[in-house]
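One structure below.
The values are calculated or read from the model by the stated rules, or taken from the named source; none is laboratory data. Please read all numbers here as calculations on a predicted model, not as lab measurements. A quick note on method: Cβ atoms are made from the backbone with ideal geometry, for glycine too, and the neighbour counts reach across all protein chains shown. SASA here: full protein model, heavy atoms, side chains in, ligands and nucleic acids out. Shrake-Rupley method; radii C 1.70, N 1.55, O 1.52, S 1.80 Å.
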Amino acid sequence: MIVPENHPSGADLPLDLNSVRQRLVAQRLGSEFHYFAEIGSTNTYARRLAEHGARDGELVIADSQTEGRGRLGRHWVSPPNANLYLSFVLRPRLPPARAPQITLMAAVALAETLKFFLPVPPSIKWPNDIIVNGKKLAGILTEVSCGSESVEFVILGIGVNVNYPVDLMPEEIRQRATSVLVERQNKVSREDLLQRLIQDLDRCYGEIEENGFAPMAPRWEAYFGWRGQRVRIELLNQDVFGIAKGIDHDGALLLEDEHGKLQRVIAGDVTPVSQ
Ligand code: BTN
């Protein structure tokens, strides 16, 4: 590979997407790549593509984002050439009620990919954070556009901290974020991780379209770190406490309240609390 002059030896290079495309074995995902050295947000761009008729599986990927978006209106820190920032346009053949299953499926695929690169298996923090050693390594932002009868499109956005050293993380995330590099103490090829991730997502996407989420639910549950633990859910204007019991078929968190009654929680942030 020719090293560009502005990338002194040892610095991270831009993604080599040709090597990914040449090796990729996928049915639908990654049918087309839209690459940007820098973009505002891959999710925002993918939505625009979808509104203009982009096909199922088209991928928007960038080496950095200036306005990376996280869940609940948060910012996603997206420095250049170290991590993965990608968004798929999906057109699943699912009724709107089953759209949340896309996020659960993506969390399973992402956990399965990352397990291959990490010394310890990751866990899923409901609804869709990937956690390693108590710190966040990857996140998923799904945005759905529905007609009355069917899902029009889903934008599946994924951010993975790959070769991101702690000392380069901004102060506001340093205590709670990690990366593949931090966990395994050496760099990994972003191309290898990306190729595997696209293939795992492609396989899992096919599985839920064909069989629904139920057969995949035990895999999600196996990565769910806090079953049986007392947790706090931060909702917009109140905190709710209970015992995390798992998820139901549409991805809601099942929380047992102090009267032993099961509550369904559909949004919020979960933190374990001491019993
Ligand atoms: C979260 O809050 O955990 C979700 C983070 C999702 C970040 C990814 S990076 C690629 C895509 N583009 C965005 O603007 N956000 C998602």
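Can you give me the relative contact order of the chain as a percent, contacts being Cα pairs under 8 Å and 6 or more apart?
About 17 percent, as a whole number.
Which aspartates and glutamates does LYS187 reach when only Cα atoms under 20 Å apart count, and residues fewer than 8 places away in its own chain are ignored?
ASP12, ASP16, ASP63, GLU112, ASP167
How far is helix 190-211 tilted, in degrees, relative to the longest principal axis of the Cα atoms in the chain, given as a value from 0 to 90 rounded to the nearest 10?
Tilt of helix 190-211: around 40 degrees.
Work out how much length ARG227 to ASP250 would gain on full extension: take 0.36 nm times their residue separation and subtract the Cα-Cα distance, in nm to one decimal.
Value of the extension gain: 6.5 nm.
So what is Rg over Rh here for the stretch 189-275, counting just Cα atoms and using Kirkwood for Rh?
1.08
Between helix 42-51 and the chain, what is the angle of the helix's C-alpha long axis to the longest principal axis, kept within 0 to 90° and rounded to the nearest 10?
Relative to the chain, helix 42-51 is tipped by roughly 80 degrees.
Tell me what the chain gives for mean residue ellipticity at 222 nm when only DSSP H runs of n ≥ 4 count, each as -39,500 (n - 2.57), the sum divided by the residue total, rounded to 500 deg cm²/dmol.
Value at 222 nm, helices only: -8000 deg cm²/dmol.
Would you mind giving the three semi-axes, in whole Å and largest first, of the ellipsoid equivalent to the stretch 8-114 according to its Cα gyration tensor?
24, 17, 15
Can you check what the net charge comes to around LEU168, using other residues whose Cβ is under 11 Å from the Cβ of LEU168 (Lys, Arg +1; Asp, Glu -1)?
-1
Cross-link list LYS136/LYS261; LYS135/LYS261; LYS115/LYS136; LYS115/LYS245: which exceed 21 angstrom alpha carbon to alpha carbon?
Those over the limit are LYS136/LYS261; LYS135/LYS261; LYS115/LYS245.
Any idea of the accessible area per residue across the chain, 1.4 Å probe, to the nearest Å²?
Heavy-atom SASA per residue in the chain reads 48 Å².
Two decimals is fine: what is log10 I(q)/I(0) at q = 0.12, 0.17 Å⁻¹ for the stretch 118-237, from a Debye sum with one equal scatterer on every Cα and no solvent?
-0.57, -1.10
Hey, how many Å between the Cα centroid of the stretch 68-108 and the Cα centroid of the stretch 145-174?
Rounded to whole Å, the Cα centres lie 5 Å apart.
Fully extended, how many nm does the chain gain between ASN81 and PHE36 (0.36 nm per residue separation, minus their Cα-Cα distance)?
Stretched fully, the ASN81-PHE36 segment lengthens by 15.1 nm.
Once you compute Rg and the Kirkwood Rh from C-alpha atoms, what is the Rg to Rh ratio for the chain?
My calculation puts Rg/Rh at 0.96.
Looking at the chain, send over the antiparallel percent of its DSSP beta bridges, to the nearest 5.
Antiparallel bridges make up about 85 percent of those DSSP assigns within the chain.
Leaving out ligands, DNA and RNA, what percent of the accessible area of the stretch 113-181 is carbon and sulfur, probe 1.4 Å?
Summing carbon and sulfur atoms, their accessible area is 50 percent of the total for the stretch 113-181.
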